[in-house]
Amino acid sequence: MAERETWESRLGFILAAVGSAVGLGNIWGFPFQAGQNGGAAFLVVYLAVVFLIGFPAILMEFVVGRRSRRNPIDAFRELGHGAWAVAGIVGTFTAFWILSFYSVIGGWVLRYLGGSVTGAYFGDATGYFNAVATGPEAVALHAVFMLLVIGIVAFGVEDGIERSAKVMVPSIVVLLLGLGVWASTLANAGAGYEYYLSPDVDVIVNNIASILPSAVGQAFFTLSLGMGAMIAYSSYLGRDDSLPRDGGIIVIFNTLVGLLAGFVVFPILFNLGIEPGSGGSGTAFKTLGGAFGQIPSGELVGVVFFFVLLLAALSSAISLLEVVTSFAVENTSYSRPTVAVGVGALVFLLGVPSALYSDYLMWFNLLAYDLFLPAAVLLLALFIGWVYPSGAVDELTQGSGVSATFNTVWLWFVRIVIPAGILLTLVLGVQELLVVGGVLESAVFLG
Ligand code: PHE
């Protein structure tokens, strides 16, 4: 086996991890989840979940990754608990699974980027979406998106992932800020902010049973948890980094980008009198696409918006491919480029049904979001909290200088709060399933 790569710098790791976290889930999913779940009410619950469950959970993945310096499956054997590799297997499988339809959506983004330049979707946004979202062309663009992802991962951790993140992540932030400033100039922007930022306590209390599962799912998804991505990325990390500090930066940064996306999306919707979160799968493309067709300088805004979305989707997709690639590179004699192409081709094939039939995409997404992802995080929490606590705390302490109190509090969050949150979510999710259709609405991050 060739010598294992590492990040060139701590900043490189942070940018790559932020790149993984910031994706379709933030810019697409977050504002629309908020729109479907009462706006600011969702925001409040989501923020609580991100810091109480998401932050301790990302540290669990960092601990496993850095301590083992292995891919997310072999990591557990390296730590002396081979049976728990099941947690890594579920995660790696989920990464493979999610990438298959994530890439189909990436293909849509490519399509809309082109469509913004030519104005193709401006006249009839819904008709356009229905025409391009599924079919041979969607398959072709899914292939193009996967080729881009494979191209980056094939170059390796430092030359591919780290280098691309250093360009993509700052670009995302700058362009999104620009869009936010532009959106603030729209008439009625204030109503959008109001909907987004002033929570109604009654709405929270009355809807907590549906808000909570959505918030937990969204928090895991957006922080790239439960798919081995953060295990894989932290496995290339040096011992002298502070995991709590890096984790905190990544969580805060990711949250800010999600918030910022809301500052772009809600003024646009309120400017045009569009009900936030209305409609089914793909609404995001339809409503915003329609909005760009009506709004002054919509062409330019459309190009910038979909370009930001493309960068965000790419920098996330590479982390998903890296999960599977790192496993295959460390367990076969094939070179990284060969593995990246091979795994990428399999992911492409798995995604073809989603590119042909929207029902497949919805079910792929639903299973991942509601089942695989919480299951993987739950397994990891049980492992860290009850099977491997002292090793985990030891690793968390390396290079961090945090107090013993921090470690203890973290451990109890891992032992109790994370599993309780996930179990509650699963129960509420099933209950919601009984409300026909309700679960589909809230679980599909496409809106
Ligand atoms: N966090 C990404 C997003 O918000 C999605 C993702 C999940 C990426 C898991 C990698 C791993 O879109």
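Here are a few things to note about the model shown:
- Taking the listed residues S234, S198, the one that is more than 30 Å from E275 (Cα to Cα) and in contact (Cβ under 8 Å) with a residue 24 or more places away in the chain is S234, with no other qualifying.
The rows are residues; the columns are (1) over 22 Å from L371 (Cβ atoms); (2) of a type in the set (S, T, Y).
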{"position": "W182", "(1), (2)": "yes, no"}
{"position": "G190", "(1), (2)": "yes, no"}
{"position": "Y195", "(1), (2)": "yes, yes"}
{"position": "D202", "(1), (2)": "yes, no"}
{"position": "S210", "(1), (2)": "no, yes"}
{"position": "S224", "(1), (2)": "no, yes"}
{"position": "S235", "(1), (2)": "yes, yes"}
{"position": "D240", "(1), (2)": "yes, no"}
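- Residue in region 390-397 that is more than 16 Å from the ligand (Cβ to nearest atom), among the acidic types (D, E) and under 22 Å from L225 (Cα atoms) present: yes
- Just one residue in the set A404, A313 is surrounded by fewer than 17 Cβ atoms within 10 Å (Cβ to Cβ) and of a type in the set (A, V, I, L, M, F, W, C); that residue is A404.
- Residue in region 281-304 that is within 16 Å of the ligand (Cβ to nearest atom) and more than 30 Å from V343 (Cβ to Cβ) present: no
Condition check ((1) in contact with a Ser or Thr (Cβ under 8 Å, 6 or more places away or on another chain); (2) at positive phi) across all residues:
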site: G80; (1), (2): no, yes
site: A83; (1), (2): no, no
site: G88; (1), (2): no, no
site: W97; (1), (2): no, no
site: S100; (1), (2): yes, no
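- Condition check for R10: open to solvent by 10 Å² or more (accessible area, probe 1.4 Å), away from the ligand (no atom under 13 Å from the Cβ), under 23 Å from L288 (Cβ atoms) and more than 18 Å from the chain's Cα centre (by Cα): no
- Meeting the requirement of 1 or more residues that are closer than 21 Å to L367 by Cα, open to solvent by less than 10 Å² (accessible area, probe 1.4 Å) and among the polar types (S, T, N, Q), the helices (runs of 4 or more DSSP H) wholly within region 18-100 are 30-36.
- Test result for Y121, crowded, with 24+ Cβ neighbours inside 10 Å, touching a residue at least 24 places away in the same chain (Cβ under 8 Å) and not in a helix (DSSP H, G or I): yes
- Subset of region 145-186 [more than 23 Å from L321 (Cβ to Cβ) and assigned to a loop (DSSP other than H, G, I, E, B)]: T185, L186
- Qualifying positions in region 285-302 - under 22 Å from the mean Cα position of the chain (by Cα) and open to solvent by 10 Å² or more (accessible area, probe 1.4 Å): K286, T287
- Against the conditions (1) more than 16 Å from the ligand (Cβ to nearest atom); (2) modelled with pLDDT of 90 or more, E322 satisfies every one except (1).
- Test result for G282, crowded, with 19+ Cβ neighbours inside 10 Å and touching a Phe, Trp or Tyr at 6+ places or on another chain (Cβ under 7 Å): yes
- Among the residues of region 298-337, those identified as aromatic (F, W, Y) and assigned to a helix (DSSP H, G or I) are F305, F306, F307, F327.
- The set of residues in region 217-262 that are away from the ligand (no atom under 14 Å from the Cβ), under 26 Å from F96 (Cα atoms) and among the hydroxyl-bearing types (S, T, Y) comprises S235, Y236.
- Test: residue in region 28-37 that is within 16 Å of the ligand (Cβ to nearest atom), under 14 Å from the mean Cα position of the chain (by Cα) and of a type in the set (A, V, I, L, M): no
- Here is the figure for region 205-216: residues that are away from the ligand (no atom under 16 Å from the Cβ) and either surrounded by fewer than 19 Cβ atoms within 10 Å (Cβ to Cβ) or closer than 15 Å to F30 by Cα (or both) total 8.
The values are calculated or read from the model by the stated rules, or taken from the named source; none is laboratory data. Note that this is a predicted model, so its numbers are computed, not measured. Neighbour counts run over all protein chains shown; Cβ positions are idealised from the backbone, glycine included. SASA here: full protein model, heavy atoms, side chains in, ligands and nucleic acids out. Shrake-Rupley method; radii C 1.70, N 1.55, O 1.52, S 1.80 Å.
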